[in-house]
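Remarks on the structure that follows.
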Amino acid sequence: MFDFLIEGFGVALTPLNLGLAFLGALLGTLFGALPGIGPINGIAILMPLAYTLGL
């Protein structure tokens, strides 16, 4: 059981995944701080970015 947990942390803590998580948090904070752009609009604006990543 702990083997799967360790493997999951190994995958989650790769530099690519950490970088993408940081980028998502940064863009989410940016769109949350902009006046007039709510969460729904931010998701609609960033949706093409999510599809072009192709991960």
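Overview of values
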quantity: Ascending count of other beta-carbon atoms within 10 Å, so fewest first, for PHE31, PHE9; calculated: PHE9, PHE31
quantity: Whole-Hz ³J(HN,Hα) from phi, Karplus 6.51 cos²θ - 1.76 cosθ + 1.60, for the range 20-31, glycine and proline x; calculated: 5, 5, 5, 4, x, 5, 5, 5, x, 5, 4, 5
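Taken together, the values in this text are just the output of simple stated rules run on the coordinates, not laboratory data. Keep in mind the model is a prediction, meaning the values are calculated, not measured. Every residue, glycine as well, gets a Cβ built from its backbone with ideal geometry; the counts of neighbours run over all protein chains shown.
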